[in-house]
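Values quoted throughout were computed directly from the atomic coordinates according to the rules given, and no laboratory measurement underlies them. The structure presented is a predicted model; accordingly, all values stated were derived computationally and were not measured.
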Amino acid sequence: MKIAVCVKQVPDTWAEKTLQASDSTLDRDAADGVMNELDEYAVEEALQLAEAQGGEVTVVTMGPERAAETVRKALSMGADNGIHLVDASLHGSDALATSYALAETLKGRGFDLVIFGSESTDARMSVVPAMVAERLGLPQLTFAQKVEVVGDRVTIQRVSEAGYDTVEASLPALVSVVEKVNEPRYPSFKGIMAAKKKPVETLSIADAGLDAAKLGLSAAWSSVEDFAARPPKAAGTVVTDAGDGGAKIADYLSEHKFI
Ligand SMILES: Cc1cc2nc3c(=O)[nH]c(=O)nc-3n(C[C@H](O)[C@H](O)[C@H](O)COP(=O)(O)OP(=O)(O)OC[C@H]3O[C@@H](n4cnc5c(N)ncnc54)[C@H](O)[C@@H]3O)c2cc1C
């Protein structure tokens, strides 16, 4: 089975994130880049399926030069090879452009299954997997907490508010996973060493046959018009209890329309 897993490099979850004054896009150099947390689950799922069924796992990313570190991390977890789409004209791409670029990169490579995380922690749009499925004409099985492949069919448990729905499709198909699906492995020392020798195909937009007019900030359907730093936290109100603390708190809550 040929499996592709799409991973995104995002600013470290715990870092203070800022937008650039020049074009209001995320300042990616201001924080360390890490693999989007949910994509670690996607990589783990791809590896478990390939280990159980036999097959090859290709990790795919679109991102700046240093996103290569994220490809290496997936390779050190056990993926076999990587594809890194990197080009200055990709800067500022929105979800539509990202899905176009990823779909064109995945197209024609004979993947049986394409696995995504269900959302990125920097933009949280949670739309790229569905958009890529639509562009590739693949069945989309999103928000999976369990994935099973038997023969040429894939079945997932799709998380819902009430529990889960069982959704099934024939391969090739696209799946996105939630964090309940597995427990991602840590790269071993052996895995880290082996990753250095694994092949990574680096593509420009010309190599991938992409139309520059559909990519980047100028082609984006959304824009940030203005932004401001979060105001510093105001000092809280201290209620001194001189036997009437309860009444004072009730007055405060009532004044602010909490009760
Ligand atoms: C507040 C805000 C402001 C924004 N401002 C702008 C703006 O000014 N201009 C603009 O053009 N866009 C803007 N965007 C859009 C945003 O930057 C892109 O839409 C975003 O990169 C793609 O959506 P996502 O990362 O949220 O993907 P999601 O749909 O949340 O990602 C789901 C999964 O898709 C895969 N995936 C996503 N991206 C990649 C990737 N690059 N490579 C490989 N796999 C990937 C991963 O598996 C991921 O888990 C803004 C978004 C927000 C929330």
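Antiparallel DSSP bridges in the chain: what percent, to the nearest 5? List each step's numbers first, then the result.
Working: 17 of 43 bridges.
Once the DSSP bridges in the chain are tallied, antiparallel ones form about 40 percent.
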Calculated from DSSP helices alone, with each H run of at least 4 adding -39500 (n - 2.57) and the total divided by the residues of the chain, [θ]222 nm to the nearest 500 comes to -7500 deg cm²/dmol
If each part is reduced to its alpha-carbon centroid, the range 226-259 and the range 93-144 end up apart, in Å, by 45 Å
The whole-number value in µm²/s of the Stokes-Einstein translational diffusion coefficient for the range 1-153, with Rh from the Kirkwood sum over alpha carbon pairs at 37 °C and 0.692 mPa s, is 207 µm²/s
Listed by chain and number, the lysines with an alpha carbon less than 26 angstrom from that of residue 257, same-chain partners under 8 positions apart left out, are 233, 248
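Return the equivalent ellipsoid semi-axes of the range 99-177 as a descending list in whole Å, where each equals the square root of 5 times an eigenvalue of the C-alpha gyration tensor. It would help to have the intermediate numbers written out before the result.
Numbers: eigenvalues 77, 63, 15 Å².
Square roots of five times the eigenvalues give 20, 18, 9 Å.
Tell me, Kirkwood radius of the chain from alpha-carbon pair distances, in Å? Numbers along the way, then the final one.
Details: mean 1/r = 0.0493 Å⁻¹.
The Cα-based Kirkwood calculation yields 20.3 Å.
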For residue 198, counting only lysines whose alpha-carbon sits under 30 Å away and dropping same-chain residues fewer than eight positions off, the answer is 2, 8, 73, 107, 146, 180, 190
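Determine the percent antiparallel among the DSSP beta bridges restricted to the range 1-78, to the nearest 5. Intermediate results must be reported in sequence, preceding the final value.
Working: 4 of 9 bridges.
Once the DSSP bridges in the range 1-78 are tallied, antiparallel ones form about 45 percent.
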Dividing the mean separation of Cα pairs under 8 Å (6+ apart) by the residue count of the chain yields a relative contact order in percent of 23 percent
